[in-house]
Amino acid sequence: MQFSKRLDLFGSEVFATLNARRRALEAEGREVFDLSVGTPDFRPPQHVVDALVRSAQDPDSWKYSLHDKPELTRAVCDYYRDRFGVAGIEPDMVMSCRGTQEGMGHVCAALADPGDLALIPDPCYPVFQAGTLLAGAEPWYYPLTAEHDFLPHVADIPDEVADRAKYMVVSLPANPVGSVGTPEVYREVIDFARAHDIVVIHDNAYSDIVFDGPAGGCFLQYEGALDVGVEFLSLSKSFNVTGARLSFLVGRPDVVAAARKLRSQVDFGMFFPEQDAAIAALRGPRDQVEEQRLLYQQRRDALCDGLEAIGWERPNAHGTMFVWARLPHGRGDSVAFTLELMERSGVIVCPGASFGPAGEGYVRFALVMPPERIRRTVGAIASSGL
């Protein structure tokens, strides 16, 4: 059997490899500190769970969901107004999707033809690259470097590259590097996209997990953003519903319509109980979201303070539920370091190289443990000699 050459675009999945070794270590009776995968350990709000359960008890909820409920798209519009101060979002500018991962595949395929160019951050969440490759487009990586605070620096993108690009992926707050967008950066990106006729695809998964400054915002709150782009609004991390895959593509209506048309060929839409859960999250109280942010900050502090105390460079960690840390003592091979760290300490992190070429020399920690266990994790790293 000869399978599609498309499969050759992707290497082995790093999380699967790490998870297999974790199970083996646990079978040996080893204590394991798994900070590799960004699945929140907090509970979803009870009103969201209740809404899903009530909806699931209605027989009509189990039929094909060939559309987004009007109540859902209106809830997204109202959320943008109330949470981000963005007026003018209308229902035709909203499409549900099964997580940003699925949505990215659809919007990239709707925008690009084989051979087109796409601007992708490096390091980045791997699906940005995967969605581009599946669309047949060619990724051009713009680096996120410590020199520019791990933020997009469009001045370094050559004009001849920008003129060829169909779209630009921007993700702030950024997984894995932990940088948080500034008004200046967003305005530069909008002006750049307008000058070169580029669609901006902004991933807004972590706007509720921002530290040391003003509350997180969104790309669409900036003047001109709706003319050049769309963004993914994910409920996964804010409301701890990662398994439900509650996400939305929001913004420029022609881009949303194109993605909707493509998606309709492969999917019947979001399960109605999930839609009702999303409505409850969008319309319900957000006290728990803020409480959670402060708890994440305590975890960030415990990890960064601890790593610095044992000789690591203090990590970049201004937002998201991740900490991006340079390897200690001049180490360069992040995969080798990750495997050695796992064997010697039981601590599992994600190698920076799995997020792109510029990720080499770093590892990513997920803040998925309370502060006291994070301090134990740092102790295990210190005892390992690494």
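Summary of packing: across the peptides 255-261, 270-276, the per-residue average of other C-beta atoms within 10 Å ranks them, highest first, as 270-276, 255-261. Among residues other than Cys77 with Cβ under 12 Å from its Cβ, the summed charge is -2 (Lys and Arg +1, Asp and Glu -1).
Accessible surface for region 162-232, divided over its residues, is 33 Å² per residue with a 1.4 Å probe. Per-atom-type breakdown for region 228-331 gives carbon and sulfur 52% of the accessible area (1.4 Å probe, protein chains only).
For the chain, the antiparallel share of DSSP beta bridges with both residues in that region comes to about 50%. Residue by residue, region 221-234 carries 3J(HN,Hα) couplings of 7, 9, 4, x, 4, 5, 7, 10, x, 9, 9, 8, 9, 10 Hz when phi is fed to the Karplus relation 6.51 cos²θ - 1.76 cosθ + 1.60 (θ = phi - 60°); x denotes Gly or Pro. Applying the criteria of a DSSP loop state and at most 15 other Cβ atoms within 10 Å to the GluC sites (Glu not before Pro) of region 9-102 yields Glu13, Glu28, Glu31. Of all the accessible heavy-atom surface of region 1-122, with the other protein chains kept in place and a 1.4 Å probe, what percent is carbon and sulfur? C and S fraction of accessible area: 53 percent. Considering only Asp78, Asp287, Asp208, the Gaussian network model of the chain with Cα springs below 10 Å gives its largest mean-square fluctuation to Asp287.
Remark on Cys97: its backbone amide H falls under 5 Å from those of Ser247, Phe248, Leu249, a criterion applied only to residues 5 or more positions apart or on other chains, H modelled at 1.01 Å from N. Remark on Asp122: its backbone amide H falls under 5 Å from those of Tyr142, Leu144, a criterion applied only to residues 5 or more positions apart or on other chains, H modelled at 1.01 Å from N. Only Cα pairs under 8 Å and 6+ residues apart enter the sum, and on that basis the relative contact order of region 224-364 stands at 13 percent. Just the accessible area per residue of region 1-122, please: how many Å² with a 1.4 Å probe? About 56 Å² of surface per residue is accessible.
Under the combined filter of DSSP loop state and at most 13 neighbouring Cβ atoms within 10 Å, region 62-132 retains these chymotrypsin sites (Phe, Trp or Tyr not before Pro): Tyr64. The residues of region 270-386 present an accessible area of 37 Å² per residue when probed at 1.4 Å with all protein chains retained.
Beta bridges per DSSP, both residues in region 176-288: antiparallel share near 50 percent. Close amide-amide hydrogen proximity is noted between Asp68 and no other residue 5 or more places distant or on a separate chain, at a cut-off under 5 Å (H modeled in the peptide plane; Pro and chain starts excluded).
Across region 313-324, rounded Karplus estimates of 3J(HN,Hα) from the backbone phi angles (6.51 cos²θ - 1.76 cosθ + 1.60, θ = phi - 60°) give 5, 4, x, 7, 7, 9, x, 6, 9, 10, 10, 9 Hz, Gly and Pro being marked x. Among residues other than Gly38 with Cβ under 9 Å from its Cβ, the summed charge is +2 (Lys and Arg +1, Asp and Glu -1). The alpha-carbon of Lys69 sits under 19 angstrom from the alpha-carbons of these lysines, leaving out residues fewer than 8 places away in its chain: Lys261. Note on Lys5: aspartates and glutamates with a C-alpha under 18 Å away, same-chain residues under 8 apart excluded, are Glu13, Asp113, Glu138.
The values are calculated or read from the model by the stated rules, or taken from the named source; none is laboratory data. Every value quoted in this text rests on a predicted model; they were computed, and no experiment measured them. Ideal geometry is used to build each Cβ from the backbone, glycine not excepted, and the neighbour counts take in all protein chains shown. Accessible surface areas use protein heavy atoms only, side chains included; no ligands, DNA or RNA. Shrake-Rupley method; radii C 1.70, N 1.55, O 1.52, S 1.80 Å.
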